[in-house]
Structures are given as C-alpha cells and as structure tokens.
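K.L.:
Dropping a structure here in structure tokens format, bear with me for questions.
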Amino acid sequence: MTCWFCPDCGTRLYHDPGGELGREHRNLKPGTLDDATWLPPVAHFFTRSMQPWVAIPDDALRYEAMPGDRKWLPD
C-alpha cells in the first residue's frame, strides 16, 4: 500500500491499495474534502463495529468486515 499525506498536518488523504489492483484504484478519505456531497459511498465496511448512532441506508452495500475479494468494486 502506498499512502499520500498532507504535508502540513500529516492527515492521510488517499492511498493506493497495491496488490491485484495496482495503481488503478485509489481510496480517497472523504473526511478530508470540503464538499463530499458529489461522492456517494460504494460500500460500508466493518459495520459489525460501527457506532450505534451511525445510520446506513437499508439498500446500501455493507460488510461486517473487509471482504476477501474486490467484487464490490464498480466496473
């Protein structure tokens, strides 16, 4: 995995997961954006340990942990 960080505060901005995906995909940290309304989630991960106040839509793709494959990625 390769990560990119803000040079001022050290916050991780995004990373490429490496492995089978190579550099074709990057995981963006939406909390670092001023406006994330244009960026809907593809899936929700680690939901078995989510806080009770987190609201995930009923029709959203969700995983209790990280899935073993990347079939959840959009084509």
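K.L.:
Stokes-Einstein diffusion coefficient for the chain at 25 °C in a medium of 0.890 mPa s, Rh from the Kirkwood formula over Cα pairs: what value in µm²/s?
P.N.:
On the way: Rh = 14.3 Å.
It diffuses with D of about 171 µm²/s by this estimate.
K.L.:
Can I ask one more? With each label point set 7 Å from Cα along the Cα-Cβ vector, what nm distance links ARG70 and LEU28?
P.N.:
Rounded to a tenth, the inter-label distance reads 1.8 nm.
K.L.:
What residues have an amide H closer than 5 Å to that of ARG26, excluding those fewer than 5 places away on the same chain, when H is modeled at 1.01 Å from N in the peptide plane?
P.N.:
For ARG26, whose amide H was placed from the backbone, there are no distant partners under 5 Å.
K.L.:
Now for a different question. Find how much the distance from CYS3 to PHE46 grows on full extension, using 0.36 nm per residue of separation minus their present alpha carbon separation; answer in nm with one decimal.
P.N.:
13.4 nm
No lab work stands behind these numbers, since they all come straight from the coordinates. Bear in mind the structure is a predicted one, so any value in this text is a computation, not a measurement. Virtual Cβ from ideal backbone geometry, glycine too; neighbours counted across all protein chains shown.
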